[in-house]
Amino acid sequence: MRITPAWAALGLATLATSVAFSVPAGAEAPQPKKDDAVGALNAHPGAARAADGQAFQVGRTIVDADGTTHVRMQRTYHGLPVVGGDLVVHQAASGDLVGVSQTLRTSLGLDVTPVVPAARAEALSLTSKASRTISKVKQQGNATLLVDATLANPRLAWRVMSSGLQADGTPSRLATYVDAKTGKVLRTEQEIVNVDGHGDTLYSGDVTIPVTLSGSTYTLTDPVHGNSKTTDMGNKEDSVLCTLLGIGCTNGTAINSPDNTFGNGTNSDRQSAAADAVYGAAKTWDYFKNVHGRNGIFGNGTGAPSRVHYGNGYVNAFWDGEKMTYGDGDGVEFGPLVALDVAGHEMSHGVTEHTAGLTYSGESGGLNEATSDIFGTMVEFYAANSADPGDYFIGEQFDLKNHAGFRRMDKPSSDGASQDCWTTGTKNLDVHYSSGVGNHFFYLLAEGSGAKTIGGKAHNSPTCNGSTITGIGRDAAAKIWFRALDVYMTSGTTYAQARTATLNAAKDLYGQGSAQYNTVAAAWSAVSVG
């Protein structure tokens, strides 16, 4: 994919649940006055557990096609918020009260003067059992006095918010409720929860993706993989100042959902492409960690953001040293570039940057690009997704016209520009074309020469010297390449030096003179690197 200097591309009475109401498309429903629902409650005080000092704040209103309304409200008591006191008022089009949905069982009648001061409640909250499981715990803001009606007997309480990290590294936003009369910790509530989400992707089918539940909202923040965030760029692009100086940059807007499902498998839902990006980033992380022992792109467990819907008609994806960015394609020949192997490709640029640091020009640039193709492909095999079987074609999923992708590794020259074999002019080629030598080597090392079908696609890899190569298997080949990248390659490594680096890696892993070692040598010779 594209690389620029130092950047690399490519929720009726007493029901606790609610029902969704909507107006059919094209239907014109009357809009109620906000005071109507409050007036209905005033006319029927028992419907909402009437109490002196009780009041209501009107929230969202849903209107049915027949004019029936459903008004959400928050309850206050003597000016204090009532947690668990929310309700939905249902009215007919005539304004008549139909019912009230609420969980509050009885009318409130408690004293609202605290005995325990706020400062004491704050100190008690930080020593609670739940707080002791949070590392780097720190109070956030001041304690809030309220009525906690989630309990069998509503209590006057202080709510204290704190931040920190949960045991698995997920951020913590812990609400601790301290009895304002006795100082007892009534309960705690973790507002950031790890959950499995459902992604209906463009290219990988229905998949499970890691998402975060905060309150009642699900968001595309992956708490399992370094809290990586996926955002929507709204088809905007980075400004020149952002590109050159890092000034005025934007990471787009957060992608949220009222449930844990993102996307519908088509471009009609912008979240579909985002689900692909989350899935690809998670699989890439898992591949590097479980196969190569590397903890994320940066090696330190820190996640990397992904931005989708970048630009208009942008047919590319890129890594800029901090994050992945994906264009939507032109919609004619190419769809959004969020395919699994492309996600793996872009993140692998980050791995290269934080290991060998291969310069993005000359032969080292070709090796840099080949490394991303190699590991992007390996991520595809690792995922073992029947909707996108592993193969050695790069980006074939978003190639709407030919389904061949940008490049292929068995015979790189199939694209009309990449090299199958090394020449003295390799260093002068665009790095996406000089990468062909490294891609061809890896394919031969992993799969061997000759014709075969992989992932339902025909592959055929001739050698440059007419030799016959028997592959050692893609897993062994990938381990050799990663060790060479991590241990032996440096910023300016050439193809000849890559031969030495991979031979050293094969010797470390399998022994000098082993079949793996000898095949490394033979595969390099088969692409004219000797």
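The values are calculated or read from the model by the stated rules, or taken from the named source; none is laboratory data. Since this is a predicted model, take the numbers as computed values, not measurements. Cβ: placed from backbone, ideal geometry, glycine included. Neighbour counts: every protein chain shown. Areas reflect the complete protein model, heavy atoms only, side chains present, ligands, DNA and RNA absent. Shrake-Rupley method; radii C 1.70, N 1.55, O 1.52, S 1.80 Å.
Helix-only mean residue ellipticity at 222 nm, the chain, DSSP H runs n ≥ 4 weighted -39,500 (n - 2.57), per residue, nearest 500. What is it?
On the way: 10 runs with 137 residues, N = 530.
So the helix-based figure for the chain works out to -8500 deg cm²/dmol.
Please list the non-local residues whose amide H lies under 5 Å from the amide H of F298, H modeled 1.01 Å from N, same-chain partners needing a gap of 5 or more.
none
Have a look at L126, Y77, T284 and report the one farthest towards the positive end of the charge dipole of the chain, computed about the Cα centre with Cβ charges (Lys/Arg +1, Asp/Glu -1).
It is L126.
Taking the Cα centroid of region 234-258 and of region 35-64, what is the distance between the two, rounded to the nearest whole Å?
Centre-to-centre (Cα) distance: 43 Å.
Taking amide hydrogens as modeled 1.01 Å from N in the peptide plane, which residues meet the under 5 Å criterion relative to G471, leaving out close sequence neighbours?
For G471, whose amide H was placed from the backbone, the distant partners under 5 Å are G448, S449.
Dividing the convex hull volume of the alpha carbon atoms of region 363-456 by its residue count, what do you get in Å³ per residue?
Expressed per residue, the convex hull around the Cα atoms of region 363-456 is 97 Å³.
Over region 115-192, calculate the relative contact order: mean separation of alpha carbon pairs under 8 Å at least 6 apart, over the residue count, as a percent.
Here the relative contact order equals 30 percent.
Whole-Hz Karplus ³J(HN,Hα) for region 411-421, in order, using 6.51 cos²θ - 1.76 cosθ + 1.60 and θ = phi - 60°, x for Gly and Pro?
Going residue by residue, I get 9, x, 5, 4, 7, x, 9, 6, 8, 7, 10 Hz, with x marking Gly and Pro.
Given +1 on the Cβ of Lys and Arg, -1 on the Cβ of Asp and Glu, and no further charges, what dipole in debye does region 84-200 carry about its Cα centre, rounded to the nearest 20? It would help to have the intermediate numbers written out before the result.
Numbers: 12 positive and 11 negative charges, 138 e Å.
About 660 debye.
Could you give the size of the charge dipole of region 198-291 about its Cα centre, using +1 on the Cβ of each K and R and -1 on the Cβ of each D and E, expressed in debye and rounded to the nearest 20?
Details: 5 positive and 10 negative charges, 47 e Å.
Its charge dipole is roughly 220 debye.
Taking the Cα atoms of region 415-465, report the difference between the largest and smallest coordinate on each principal axis, in whole Å and largest first.
Rounded to whole Å, the extents work out to 34, 21, 16 Å.
Just round it to a whole percent: the fraction of Cα-Cα distances in region 245-361 exceeding 26 Å.
22 percent
What size of dipole, in debye to the nearest 20, comes out for region 121-176 about its Cα centre when the only charges are +1 on Lys and Arg C-beta atoms and -1 on Asp and Glu C-beta atoms?
With Lys and Arg at +1 and Asp and Glu at -1, about 80 debye.
Using DSSP to call loops (not H, G, I, E or B), can you name the trypsin sites (Lys or Arg not before Pro) in region 85-176 whose Cβ has at most 12 other Cβ atoms within 10 angstrom?
Of the trypsin sites (Lys or Arg not before Pro), the ones in loops of region 85-176 whose Cβ has at most 12 other Cβ atoms within 10 Å are R105, K129.
How do 184-190, 87-93, 426-432 rank on mean C-beta neighbours within 10 Å, highest first? Intermediate results must be reported in sequence, preceding the final value.
Numbers: 184-190: 16.3, 87-93: 20.3, 426-432: 18.3.
Ranked from most to least packed, the peptides come out as 87-93, 426-432, 184-190.
Do any GluC sites (Glu not before Pro) in region 332-432 lie in a DSSP loop with no more than 15 other beta carbon atoms within 10 Å, and if so, which?
E333
Can you work out the Karplus-derived ³J(HN,Hα) for every residue in region 208-213? Use 6.51 cos²θ - 1.76 cosθ + 1.60 with θ = phi - 60°, whole Hz, and x for glycine or proline.
8, 10, x, 9, 10, 9
Do you know the relative contact order of region 221-306, to the nearest whole percent, from alpha carbon pairs under 8 angstrom that are 6+ apart?
Relative CO of region 221-306 lands at 37 percent.
Going by a ≥ b ≥ c, the root eigenvalues of the Cα gyration tensor, does the chain fall in the rounded group (a/c under 1.5), the prolate group (a/b larger than b/c) or the oblate group?
Because a/c hits 1.5 or more and a/b exceeds b/c, the chain counts as prolate.
State in Å² the accessible area per residue of region 414-528; use a 1.4 Å probe, count heavy atoms of protein chains only, and round to the nearest integer.
About 40 Å² of surface per residue is accessible.
Once region 91-199 is represented by equal point scatterers at the alpha-carbon sites, with solvent omitted, what log10 I(q)/I(0) does the Debye formula produce at q = 0.14, 0.17, 0.19, 0.22 Å⁻¹?
Results for region 91-199 at q = 0.14, 0.17, 0.19, 0.22 Å⁻¹ read -0.65, -0.82, -0.93, -1.10.
What shape does region 131-252 take by its C-alpha gyration tensor, where a ≥ b ≥ c are the square roots of the eigenvalues and a/c under 1.5 counts as rounded, a/b above b/c as prolate, and the rest as oblate?
Cα axes put region 131-252 in the prolate bin.
In 10 Å bins starting at 0, how do the alpha-carbon pair distances of region 455-525 split up by percent?
20, 48, 27, 5
By how many nm would the segment from N235 to D475 grow when fully extended, if each residue of separation counts as 0.36 nm and the alpha-carbon distance is taken off?
That pair, N235 and D475, stretches by 82.6 nm at full extension.
Taking all pairs of distinct Cα atoms, average 1/r, flip it, and tell me the Kirkwood hydrodynamic radius of region 189-317 in Å to one decimal place.
Values: mean 1/r = 0.0653 Å⁻¹.
The answer is 15.3 Å.
Cα to Cα, under 17 Å, and not fewer than 8 places away if on the same chain: which aspartates and glutamates meet these conditions relative to K136?
Straight-distance partners of K136: E122, D168, E191.
Quick one: with all protein chains in place, what share of the accessible area of region 251-318 is carbon or sulfur, to the nearest percent (1.4 Å probe)?
Numbers: 1070 of 2490 Å².
Heavy-atom surface of region 251-318 belonging to carbon and sulfur, 1.4 Å probe: 43 percent.
Return the distance in nm (one decimal) between the two label points of a simple spin-label model at T182 and V332, each offset 7 Å from Cα along Cα→Cβ.
7.3 nm
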